[in-house]
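Values in this text are rule-based calculations from the coordinates and carry no lab data. This structure is a prediction, so every number in the text was calculated from the model and none was measured. Positions of Cβ are backbone-derived with ideal geometry, glycine not excepted, and every protein chain shown enters the neighbour counts.
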Amino acid sequence: MNSIISIKLIVLLILLSSNVIFGQSNFSLKEAQEYALKNNIQVKNALIDIQKAKKKIWETAAMGLPQISGAIDYTYMPTVPEMQFAVVTHGELQPDGKTVSLNSMNVPIKLGVPHSFTFTATASQLLFSGSYIVGLQTSKTFKKLSEQSLEMSKNDVIENVSNTYLMVLAVEENKSLLKATSDNMNKTLVELKAMFAEGLIENTDVDQLQYTVSNIDNAYKMLERQTEIAYRLLKFQMGMDLDQEIELTDNLKDILAGIEMESMMAYQFDINRNITYQLLNTQESLQNSLVKLEKSNYLPTFAAFYQHQEKPNKADFDFTFPDIIGASLSIPIFSSGMRNAKVDQANMELEKTQNTKSMAIQGIKLEVQQAQITLQSSYEKFVNEKTNQDLAKRIYDKTLIKYKEGMVSSMDLSQANSQYLNAQTNYFNALVEVLQAKNKLDNLLNNK
């Protein structure tokens, strides 16, 4: 009984550990996107940039907070200088009663010590600095830029994962249809070989069908290789181990059914929702801050400090003050036009940024219009290719029946089969184009 319990426990631990190692293996499109947003390297790096921006804000803010520093200095003086001072040792009043006779001796006074240690502590506080105020504002703007860059990275990852997910589904469905066609053709080939053995048909008919079957098999093998590459690309974009097996649970038709073509085509574009436009606005603000930063160099800088100094061993005469309180005011007066030149350059860069923004706005509007037109055209093409596929399927089925009845040649059957396979390929390509065009438009409109 205990051994059975132990075996069950081991199996449970193996299952749990495999779940930790390999994680989720079945993914809908939404789940694949959510997984990518947590594990994609591009998104992870963008998150790190935000953390760096937060640290930069604190670094800049700390410049205006109290600063305390300490120092320890050691000096060695091989020869200590001395001064001779005369010291009265004895005095006598002379017989005249008016004159005093003094006896003195020279006493050496050391002006230093051979080994000297100095311990210093300094506290300072910035009271006013224009560049500090502007720098603090700029660091906050930089953080906003990092957050918007993260949003753009997420949008790109969602679009890329979605496109690759759809490509995998299209290849898988194409494989299934090609496999079904191959099975039917192989079945027909077996029947033809039996008829040839009985002398009912010529060898040419068998060879022609064999040639068609070989082409289908080669196309299927090529799709298998494409499927493997597509799966690996999807796992790479999701930030997943390339050797992990995954299964996609959505299908193309359901995804297509979720598209509301009329609402997407009638959507009124709000450029303020576009992440590229938001980034341009922030870059303009950042450049404007740089102009203010250059202008702040005209302003004075005011700071206060307190210093305490200790010496364990002092000279006989030491005039070092242990405590000092002071303030400093730095006033820029004349720089031969250097500061003005820097301000002009910053203004020129700001103007360039504004020009780039104006051009980008028109480009974004044009890109949205093109995306809407592409979506409309792709959908119309898809509807047409769907009709062509249905027609090609009916033609192939009727041709196959006629061939078995001896009414058409094997060449006619091969042509009908090729036409049907081409129609299938065109159908899936058109379907993927519709969904990818929709993904592109969602990215531009910043639709989640």
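Here is how the numbers come out for the structure above:
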{"read-out": "222 nm mean residue ellipticity, helices alone, for the chain (DSSP H n ≥ 4; -39,500 (n - 2.57); rounded to 500)", "value": "-23500 deg cm²/dmol"}
{"read-out": "Degrees separating the helix 410-445 axis from the principal Cα axis of the chain, which is the longest one", "value": "30"}
{"read-out": "Neighbour cut-off at most 14 other Cβ (10 Å), DSSP loop, GluC sites (Glu not before Pro), segment 108-188", "value": "none"}
{"read-out": "Environment charge of N251, counting only residues whose C-beta is closer than 10 Å and scoring Lys/Arg +1, Asp/Glu -1", "value": "-3"}
{"read-out": "Column: log10 I(q)/I(0), Debye, Cα scatterers of segment 266-416, q = 0.08, 0.19, 0.20 Å⁻¹", "value": "-0.64, -1.14, -1.18"}
{"read-out": "Separation between Cα centres of segment 247-304 and segment 386-421, rounded to whole Å", "value": "53"}
{"read-out": "Cβ-based net charge around E198, under 14 Å, with every Lys or Arg adding one and every Asp or Glu removing one", "value": "-2"}
{"read-out": "With Cα atoms, 0 to 90° folded angle of helix 41-62 axis to the chain main axis", "value": "20"}
{"read-out": "Under the Karplus curve 6.51 cos²θ - 1.76 cosθ + 1.60, θ = phi - 60°, whole-Hz ³J(HN,Hα) for segment 351-368, x wherever Gly or Pro sits", "value": "5, 4, 4, 5, 5, 4, 5, 4, 5, 5, 4, 5, x, 5, 4, 5, 5, 5"}
{"read-out": "Cα-centred dipole magnitude for the chain, charges only on beta-carbon of K, R (+1) and D, E (-1), debye, nearest 20", "value": "860"}
{"read-out": "Rounded to whole Å, sorted largest first: equivalent-ellipsoid semi-axes of the chain, Cα gyration tensor", "value": "88, 32, 18"}
{"read-out": "Sequence ranges 289-300, 358-369, 123-134, 262-273, ranked by mean other-Cβ count within 10 angstrom, highest first", "value": "289-300, 123-134, 358-369, 262-273"}
{"read-out": "Tilt relative to the chain, helix 29-39 - C-alpha long axis, 0 to 90 degrees, to 10", "value": "30"}
{"read-out": "Relative contact order %, the chain, counting alpha carbon pairs below 8 Å whose residues are six or more apart", "value": "22"}
